[in-house]
Amino acid sequence: MLILRCPYCGVDAEETDLAPGGEAHLTRHGPGSDDAEFRDYLFQRRNPRGVHFERWRHAFGCGKWFHAARCTQTLEVFGTYSAQCSEPPEEIMTAIRTRRPDWEMPA
Ligand SMILES: [Zn+2]
């Protein structure tokens, strides 16, 4: 079972206490964007086998959204952090690079 630590209340929440919110750090496109940008924003998602950044909500806890970095293949969790971060914090990136030296941040 996937267990993520909520960065707000510090609880190690089981997957059943959480609600998934999809991929983190999406570039949002709205009015004024072209059709391709808006289509990609709505429908294009990464589906990596390995390191992935995701949004989760502590639904049956504090109710707040947060981000998690984890491996989709092994369920290894590299860390969780505030949903207000526009990119993963350096300590998360260090944790990933320590355990996955060959991994590179996707463009
Ligand atoms: Zn919480």
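At a glance:
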read-out	value
The chain: C-alpha gyration tensor shape, a/c 1.5 cut-off, then a/b vs b/c	oblate
Top of Phe53, Phe78, Phe38 by mean-square fluctuation, Gaussian network on the chain, Cα under 10 Å	Phe38
For the chain: relative contact order, % (alpha-carbon pairs under 8 angstrom, 6 or more apart)	24
Gly79 long-range amide H proximity, modeled H, under 5 Å	Ala69
Gain on full stretching of the segment that runs from Thr27 to Arg5 - 0.36 nm per residue minus C-alpha separation	5.4 nm
Helix 90-99 vs. the chain, principal-axis angle (Cα, 0 to 90°, nearest 10)	70
³J(HN,Hα), Karplus 6.51/-1.76/1.60, whole Hz, each residue of the range 55-64, x for Gly, Pro	9, 9, 10, 7, 4, 9, x, 6, x, 8
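Throughout, read-outs are computed from the coordinates displayed, never taken from laboratory work. All values derive from a computational prediction rather than experimental measurement.
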